[in-house]
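To keep things clear, I will list the structure first and then write my remarks on it.
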Amino acid sequence: MKYIFRLISVIAAFALLFAAYGGRVNPIEWTLPSLATLALPVVAIVVLALLVLFVLFRQWRPAALLFGALLLSWPTLKLICPFNLGQPKPGEDEVQLKVLTMNVTEFNWQKGNEPSENMRYILDQDADIVVIQEGLVYFSYEKLPTVQPMLEELYEKYPYRKKHYFDVGILSKYPFTEVKSPFLEPDSLNYFIKAWDVEAPGGDLRVINMHLSSLRFTLNESQILDSMDKPSGRKRRIKSVMNKLDYGFQSHVRQVEAIRGILDNTEGDVLVMGDMNDTPGSFAYRTVCGDDMRDAWADVGFGPTYTFHRHHLYVKIDHILYRGDMRVLSCQRDKAGESDHYPVVAVFGR
């Protein structure tokens, strides 16, 4: 029996390390590590359960192997499940800046004249800078029936605002100027990025709003995900889902390289916020972060969290990344609004 335990521990340890560091492999060259990284939270839970089991059965060598794998994986695991105790206190000379990112799913404009819960949440948060994804650029705020009841409050609170391309936009209390941003070819469907230089408290701040391409599952593929807890022989559609995951990971490579290009040509304080459609530790995430960007949630958050909550997928794909002469004081994910993405809010001291 002890040899079976050892074999199980070796397999589990390898799976954990493979998932934790799969994001270092370019998915264009090999997509399996990216799929493993997506499954990292599940793999980590399984390894923890096995570790407890081995300890209970006094299987010390297998337990030591799994404990060692967890330690080696911690640089990635802490991005998903940080354990920061307490919150930093603002300095006496610091000014505070509150920012918010939210995929607003077009403010649910098709549901009639019922006020948008997403816009109501944004206005109630009273953040200094808000970036939105899926903001429906084809219609101005005046033409969105779900936003019309709050127009006066919106314009008073955010005198500086802009929507670009299909869906990315900004709401700001402070003036900003647009920065030339890359626009990739149509093969990068549903990918958009825009940058602005904002005259924010504490000095100029470059804000980059990202919306990396989504996986665009068909209705049948979405139904497969929705019924994963039920017996099903839909192998063909499951294969289609996996193919789209592969395509999504590979599409993100060019997109994050474009974002990294802006960062490499930017000096001073920078915020990168938005819907990455990829998880912490992934190749896309690691490319954007590079050696200089930090994750607000990883720095001050506590415990695991998720921002996307649909099709039985609960993953953190919305991020607030930063660098420069600023420090994050708080970061939270709110279960608010009517989108399939939860918003992320952070406060910085500058």
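The values are calculated or read from the model by the stated rules, or taken from the named source; none is laboratory data. Keep in mind that this is a model prediction, so the values were computed, not measured. With ideal geometry, Cβ positions are generated from the backbone for all residues, glycine too; neighbour counts draw on all protein chains shown.
Couple of notes before you dig in:
- Qualifying positions in the stretch 126-138 - surrounded by fewer than 19 Cβ atoms within 10 Å (Cβ to Cβ) and either of a type in the set (D, E, K, R) or within 19 Å of D340 (Cβ to Cβ) (or both): D126
- Flag for L70 being more than 18 Å from the chain's Cα centre (by Cα) and in a strand (DSSP E or B): no
- Within the stretch 13-52, being closer than 18 Å to D246 by Cβ and among the hydroxyl-bearing types (S, T, Y) holds for T31, S34, T37.
- Given (1) β-branched (V, I, T); (2) in a loop (DSSP other than H, G, I, E, B); (3) touching a strand residue (DSSP E or B) at 6+ places or on another chain (Cβ under 6 Å), index of the condition I28 fails: (3)
- Scanning the stretch 247-304 for residues that are in contact (Cβ under 8 Å) with a residue 40 or more places away in the chain, within 18 Å of L77 (Cα to Cα) and part of a loop (DSSP other than H, G, I, E, B) turns up D278, T279, P280, G281, S282, G301, G303, P304.
- Checked against (1) over 20 Å from the mean Cα position of the chain (by Cα); (2) aromatic (F, W, Y); (3) in the same structural domain as T177 (by TED's automatic domain parsing), F54 passes all but a single condition, namely (3).
- Considering A298, A336, the condition of being within 22 Å of L38 (Cα to Cα) and in the same structural domain as R254 (by TED's automatic domain parsing) is satisfied by A298 alone.
Each row is one residue, and each column tells you yes or no for (1) surrounded by 14 or more Cβ atoms within 10 Å (Cβ to Cβ); (2) in contact (Cβ under 8 Å) with a residue 60 or more places away in the chain; (3) among the aromatic types (F, W, Y).
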| site | (1), (2), (3) |
| --- | --- |
| L35 | yes, yes, no |
| V52 | no, no, no |
| L56 | no, no, no |
| A63 | yes, no, no |
| W74 | no, no, yes |
| L85 | no, yes, no |
| T101 | yes, yes, no |
| P115 | yes, no, no |
| N118 | yes, yes, no |
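- Lone qualifier among K98, K78 - being modelled with pLDDT of 95 or more, of a type in the set (K, R) and not in a helix (DSSP H, G or I): K98
- Selected residue (only one of G324, G290, G303 is of a type in the set (G, A, S), over 20 Å from I259 (Cβ atoms), more than 14 Å from the chain's Cα centre (by Cα) and not assigned by TED's automatic domain parsing to the domain that holds T76): G303
Residues are listed down the side, and each one gets a yes or a no for (1) in contact with a Leu (Cβ under 6 Å, 6 or more places away or on another chain); (2) under 23 Å from V104 (Cα atoms); (3) modelled with pLDDT under 80; (4) not assigned by TED's automatic domain parsing to the domain that holds D278:
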| residue | (1), (2), (3), (4) |
| --- | --- |
| L151 | no, yes, no, no |
| Y160 | no, yes, no, no |
| G169 | no, yes, no, no |
| I193 | no, yes, no, no |
| Q223 | no, yes, yes, no |
| V241 | no, no, yes, no |
